[in-house]
Structure formats: C-alpha cells, structure tokens
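What follows is a single structure, written as structure tokens, with notes after it.
The values are calculated or read from the model by the stated rules, or taken from the named source; none is laboratory data. Note that the structure is predicted; figures quoted are calculated from it, not measured. Backbone-built Cβ (ideal geometry, glycine too); neighbour counts: all protein chains shown.
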C-alpha cells in the first residue's frame with residue numbers, strides 16, 4: 001500500500017536547492033486594512049495594519065526564514081493595538097505564490113493613549129500572498145494575514161488584507 005501523503009514532505013525537502021550566497025538576504029515591508037476581534041466581542045472592528053517588516057534570509061532557493069514585526073491597530077475609543085514579533089518561515093509554492101507562518105510574542109496595547117499599559121502573550125502570524133508584479137529582485141504582492149494572539153485577559157485576532165514589497 002502506497003502512502004503518498006507521507007512522501008509529499010520528503011519530496012519537497014529533496015527538491016529544495018541551496019540558495020546562492022549573493023541572493024540570500026530578503027526584506028519585506030507591508031501595509032493594509034483589516035479587522036480586529038478581541039475577546040467575546042465577535043463583531044470585529046475596522047483596523048489598519050501599519051507598516052509590517054520582515055528581515056530574513058533564504059536558506060534554500062524556495063524557503064526563507066526571518067524575523068517579523070507586524071500587527072493591527074483599531075482607532076476607536078480607546079485605540080487598541082495587537083502586535084506580533086517573532087520568527088517566521090516562508091515557503092514558496094511557485095514563482096508567484098508563497099505562504100508564511102511563525103511563532104512569537106504577541107503584545108496587546110489595550111489603550112494606545114497610555115503607552116505604559118501593555119500585555120504580553122503568545123502570538124502567531126499566518127499569511128499567504130500572490131506576487132502581481134516583479135522587477136528584478138523587487139516583488140509586489142497582495143496578501144492575507146492573520147495575527148491570533150493569546151493573553152491572560154483575552155484572545156485577540158487581527159486579520160489584514162494588504163500590499164507588500166519584498167526584495168528577493
């Protein structure tokens with residue numbers, strides 16, 4: 001009996017070629033619009049995703065590892081922020097399609113007017129993107145990203161639809 005599902009990850013790893021030394025560095029900058037859902041308030045609130053940044057390196061031709069800082073901000077009364085800082089992995093499924101995910105620290109700013117009041121917890125970053133334009137090593141993509149974060153007082157979910165520039 002064949003087990004193709006078990007062979008699939010092995011085939012992907014075997015097909016990864018080492019990245020060329022001169023093409024390892026990568027950086028991303030992104031921004032977007034989204035929603036933020038906090039605790040039991042499932043109605044969601046319109047949010048912005050201020051500039052998110054990832055610094056990384058391609059360890060294989062189609063696999064990058066980096067550090068990401070991103071999040072969502074709701075400008076209500078009070079203004080609330082949900083940030084993520086962590087390690088991410090970015091596998092490329094094709095020349096135009098990528099996924100990215102990582103684990104890190106979530107930082108909840110329950111009132112951005114009082115910058116001293118923050119809460120730290122466990123954060124995730126999950127996203128996928130599609131490159132719609134490319135010029136040399138510069139790529140421009142549209143992406144969907146989510147930042148689920150878990151704090152002692154509540155859970156927060158930020159979701160973003162945005163645009164991104166990436167130096168490949």
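In region 102-131, what count of residues is obtained for those that are under 11 Å from the mean Cα position of the chain (by Cα) and over 12 Å from residue 83 (Cα atoms)?
The total comes to 6.
Could we say that residue 87 is under 17 Å from residue 53 (Cβ atoms) and modelled with pLDDT of 95 or more here?
On the way: under 17 Å from residue 53 (Cβ atoms): yes; modelled with pLDDT of 95 or more: yes.
Against the criterion (under 17 Å from residue 53 (Cβ atoms) and modelled with pLDDT of 95 or more), residue 87 qualifies.
Output yes when any residue across region 137-151 is loosely packed, with under 14 Cβ neighbours inside 10 Å, over 18 Å from the mean Cα position of the chain (by Cα) and at pLDDT below 95, and no when none is.
Yes: one or more hits.
Report, by residue number, each residue of region 125-156 that is in contact (Cβ under 8 Å) with a residue 60 or more places away in the chain, part of a strand (DSSP E or B) and farther than 18 Å from residue 91 by Cβ.
Across region 125-156, the qualifying residues are 147, 149, 155, 156.
When residue 93 is evaluated against the numbered criteria (1) modelled with pLDDT of 85 or more; (2) surrounded by fewer than 14 Cβ atoms within 10 Å (Cβ to Cβ); (3) under 20 Å from residue 122 (Cβ atoms), which criterion, by number, is the only one it fails?
Single failed check for residue 93: (3).
Yes or no, residue by residue, for (1) buried (at least 20 other Cβ atoms within 10 Å of the Cβ); (2) at positive phi; (3) under 13 Å from the mean Cα position of the chain (by Cα); (4) at pLDDT below 95:
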site: 31; (1), (2), (3), (4): no, no, yes, no
site: 43; (1), (2), (3), (4): no, no, no, yes
site: 46; (1), (2), (3), (4): no, no, no, yes
site: 49; (1), (2), (3), (4): yes, no, yes, yes
site: 56; (1), (2), (3), (4): yes, no, yes, no
site: 61; (1), (2), (3), (4): no, no, no, yes
site: 68; (1), (2), (3), (4): yes, no, yes, no
